[in-house]
Structure formats: C-alpha cells, structure tokens
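Since every read-out is calculated from the coordinates, none of them should be taken as a lab result. A quick note: this is a predicted structure, and the numbers were derived from the prediction, not measured. Here Cβ is always computed from backbone atoms with ideal geometry, including for glycine, and neighbour counts include all displayed protein chains.
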Amino acid sequence: MTAGEQEAGQQVVSVDPRQRMGNYQTMAVNARMKVHAVLAAAGLEPNEADELVCAMEAGAVAGAHCWVEELPGCAPDAHGTAYGEGWEGAVDRALTFWFPPPTARTGSVGAPTSPGRC
C-alpha cells in the first residue's frame, strides 16, 4: 500500500491469500487503534475504551455468525446442482471452523482454548 493510498483511506489487499489475511489483520489493528485514540480523546480510560471496543467486536462477530447461518440454500441456481452441493459443504465447514460447538471451544477447566483479548 502506498502512502497516497493510505492517506486517501483506500483499502488495498493482495491477491495472495496469505498476504491478504495479513492485510486484513493490519486493517483490523489500525481500526482498533483509531477507535482507541478517538475514545481516549473523548476522555475514556484505556480499560473502558478496550471494553467498548471488545463489545463492538463481539457484535460484529455475532452479526457475521447470523449472516453465515443464512447462507445454506442460497447458492445461485444458475450454476447447477454440483455448485449448490459445494456451496452447502463450504457453508457447513465455515460454520464448524469459525463457530465450533461449545465443547470444542473450552479446555478441561472450561476456559476458552483460543487466545484473545475480548
């Protein structure tokens, strides 16, 4: 991303899947930092700002979860049966990967196994 593109606020991502994931992670960190800066300028303490940002992120994840759950049966009909079956399989795998059953997300003492701030 060039300095001019950053100044213009344009979001440029790579065509390489690994690099693209890095681009999205960088954008997420930059957005988090920007929100924290705005909240600090408004007088919020860092822990209050972090709590608010975590709540916003949780809302975004919940919204994405609802959106993904609506995808089964939404494959475009024009592409045929095989495409639709692949679509259904992909949605099922995405749901299982991103939203595993509660027993798969917790360790032996009930704490989440994946690291995270929120």
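Would you kindly derive the ³J(HN,Hα) couplings of segment 88-96 from the backbone phi angles with the Karplus curve 6.51 cos²θ - 1.76 cosθ + 1.60 (θ = phi - 60°), listing them in order in whole Hz, with x for Gly and Pro?
Using θ = phi - 60°, the values come out as 4, x, 5, 5, 4, 5, 5, 4, 5 Hz.
If you stretched the chain out fully between Met56 and Tyr24, how much longer would it get, using 0.36 nm times the residue separation minus the C-alpha to C-alpha distance?
9.8 nm
At 7 Å along Cα-to-Cβ for each site, give me the label-to-label distance between Glu45 and Ser14 in nm.
4.1 nm
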